[in-house]
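The structure appears right after this line, and notes come after that.
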Amino acid sequence: MISKMTKGSAVHPIIQHGLSKLGKDMALARRARKLSTVDMAERMGVDRGTLRRLEKGDPGVSLNTLAMALHALGMLDRIIDLADRASDDIGLMAAHGALPKRIVRPRPAEETKPLGSLPDAAGSNDPEGW
């Protein structure tokens with residue numbers, strides 16, 4: 001299920017929900033700092049329409065616009081550390097060599113029997129199959 005399109009790309013509803021929340025949070029952060037939309041847009045170097053789109057969670061707003069808004073709010077470190085390896089458990093395991101070089105799917109039980117345990121095709125009377 002796709003909710004919106006942006007520059008030819010479909011936006012999944014979960015992504016749209018996250019962007020909407022981010023926009024609302026950005027608006028709250030701006031208001032908490034007692035910044036008008038005019039002042040905030042001026043600090044960001046964009047027009048009020050772009051700021052409005054960011055605060056509405058428009059998926060077409062550029063990452064640069066988000067970074068400029070965070071910088072204007074004194075919160076740029078949040079985007080800088082967003083995918084930092086230090087807070088990524090999987091990334092930390094990879095950095096310490098804990099991840100295997102390759103992953104091999106286990107064989108089904110029938111294929112892993114040793115050759116000596118297979119019965120003789122001739123049908124021997126030996127109880128062990130020989």
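The numbers here are math on the coordinates, done by the rules we state, and not lab data. Just so you know, these numbers come straight off a predicted model, no measurement behind them. FYI the Cβ positions are ideal-geometry reconstructions off the backbone, even for glycines, and counts take in every protein chain you see.
With a Förster radius of 25 Å applied to the C-beta separation of residue 38 and residue 82, the computed FRET efficiency comes to 0.30. Scalar couplings 3J(HN,Hα) for the range 40-57, obtained by applying the Karplus form with A = 6.51, B = -1.76, C = 1.60 to θ = phi - 60°, are 5, 4, 5, 4, 7, x, 10, 8, 4, x, 5, 4, 4, 4, 4, 6, 8, x Hz; x denotes Gly and Pro.
A simple spin-label model places pseudo-atoms 7 Å from Cα toward Cβ; at residue 15 and residue 28 they are separated by 2.4 nm. Remark on the range 4-95: Rg and Dmax equal 14.8, 46 Å (Cα only). Placing pseudo-labels 7 Å out from each Cα toward the beta carbon at residue 64 and residue 103 gives an inter-label distance of 3.7 nm. The magnitude of the dipole of the range 4-95, with charges of +1 and -1 set on the Cβ of Lys/Arg and Asp/Glu and taken from the Cα centre, is near 500 debye. The simple spin-label model puts a point 7 Å past each Cα toward its Cβ; for residue 52 and residue 93 those points are separated by 4.7 nm.
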